[in-house]
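Novice: The following block contains the structure, expressed as structure tokens.
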Amino acid sequence: MQINFLKKPYSSQGFTLIELTIVFGIIAIIGGVGFAAYSSFATRQKLDSAAYDLKAGIEEAKHTAISRVKPASCGTTTSLEGYNLTICSGGACTNLYTISPVCLNANPTPTPFIKTRDTQILVTVDTCNNPLIFSSQTGLTNGSCRILLTDTQDSNAARTVCVDAGGNVT
């Protein structure tokens, strides 16, 4: 009988505990980095979306005022003065903004258009006449405005929307 000293007396199929621990550790590190990057991305997207919605609302109020579209709720005997854009600021608000026509002697008050917002976004109106009034004669506002949008879970994540007296949005 021959003895083969080159053959191992045990089978080497499978992985050792050390190899498995290293592989799972690497997977956990990659997953943690990926989750942190996704969370930051989701916050930025949420703020960008709210800023875009606010800019679109400001533009809509301005263009509707300039076009002098008078809603039926104003009545036929009243004149359209412009459109109000009321920005809801503070933590208790669920609306981002409200657009409503300004009609002289309108009875009942015309129904506004309301845009809701994500509850994780805090809106702060700074140095602004609130509501912004867009004149139907000129399209100009009653002053400039700076609006700060902040994530309630990450105070470092913020977007700023500015409106000048000409109604231009940046």
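Novice: Consider the stretch 142-160. How many of its residues are of a type in the set (Ser, Thr, Tyr) and surrounded by 16 or more Cβ atoms within 10 Å (Cβ to Cβ)?
Specialist: Residues in the stretch 142-160 being of a type in the set (Ser, Thr, Tyr) and surrounded by 16 or more Cβ atoms within 10 Å (Cβ to Cβ): 2 in total.
Novice: Name the residue that is farthest from Gln45 (Cα to Cα), counting only residues in the stretch 125-141 that are open to solvent by 60 Å² or more (accessible area, probe 1.4 Å) and either hydroxyl-bearing (Ser, Thr, Tyr) or outside any strand (DSSP E or B) (or both).
Specialist: The residue in question is Gln137.
Novice: Could you list, ordered by first residue, the pairs with Cβ atoms under 8 Å in which the first is in the stretch 144-170 and under 17 Å from Phe134 (Cα atoms) and small (Gly, Ala, Ser) and the second is open to solvent by 10 Å² or more (accessible area, probe 1.4 Å) and not in a loop (DSSP other than H, G, I, E, B), at least 6 apart or interchain?
Specialist: Short answer, once both residue conditions are applied: Ser144/Cys162; Gly167/Lys62.
Novice: Tell me yes or no: at least one residue of the stretch 85-97 is surrounded by fewer than 18 Cβ atoms within 10 Å (Cβ to Cβ), closer than 18 Å to Ser49 by Cβ, of a type outside the set (A, V, I, L, M) and touching a helix residue (DSSP H, G or I) at 6+ places or on another chain (Cβ under 8 Å).
Specialist: no
Novice: What number of residues in the stretch 68-95 are assigned to a loop (DSSP other than H, G, I, E, B), more than 14 Å from Pro131 (Cα to Cα) and not small (Gly, Ala, Ser)?
Specialist: Number of matching residues: 9.
Novice: For the stretch 110-120: of the residues being out of contact with any Lys or Arg (no Cβ under 7 Å at 6 or more places or on another chain) and of a type outside the set (S, T, N, Q), which is least open to solvent (accessible area, probe 1.4 Å)?
Specialist: Per the criteria, the residue is Pro110.
Novice: Mind checking which pairs have a first residue in the stretch 126-141 that is at positive phi and a second that is open to solvent by 60 Å² or more (accessible area, probe 1.4 Å) and outside any loop (DSSP other than H, G, I, E, B), Cβ under 6 Å, 6 or more apart or different chains?
Specialist: Close Cβ pairs satisfying both conditions: Thr127/Arg146; Gly139/Ile66.
Yes or no, residue by residue, for (1) farther than 20 Å from Asn156 by Cα; (2) touching a Phe, Trp or Tyr at 6+ places or on another chain (Cβ under 7 Å); (3) surrounded by 19 or more Cβ atoms within 10 Å (Cβ to Cβ):
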{"position": "Ser39", "(1), (2), (3)": "no, no, no"}
{"position": "Thr43", "(1), (2), (3)": "no, no, no"}
{"position": "Ala61", "(1), (2), (3)": "yes, yes, yes"}
{"position": "Thr64", "(1), (2), (3)": "yes, yes, yes"}
{"position": "Pro71", "(1), (2), (3)": "yes, no, no"}
{"position": "Cys103", "(1), (2), (3)": "yes, no, yes"}
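The values are calculated or read from the model by the stated rules, or taken from the named source; none is laboratory data. Bear in mind that the values here come from a model prediction, so they are computed numbers and not experimental data. FYI the Cβ positions are ideal-geometry reconstructions off the backbone, even for glycines, and counts take in every protein chain you see. Note: areas computed on protein heavy atoms with side chains; ligands, DNA, RNA excluded. Shrake-Rupley method; radii C 1.70, N 1.55, O 1.52, S 1.80 Å.
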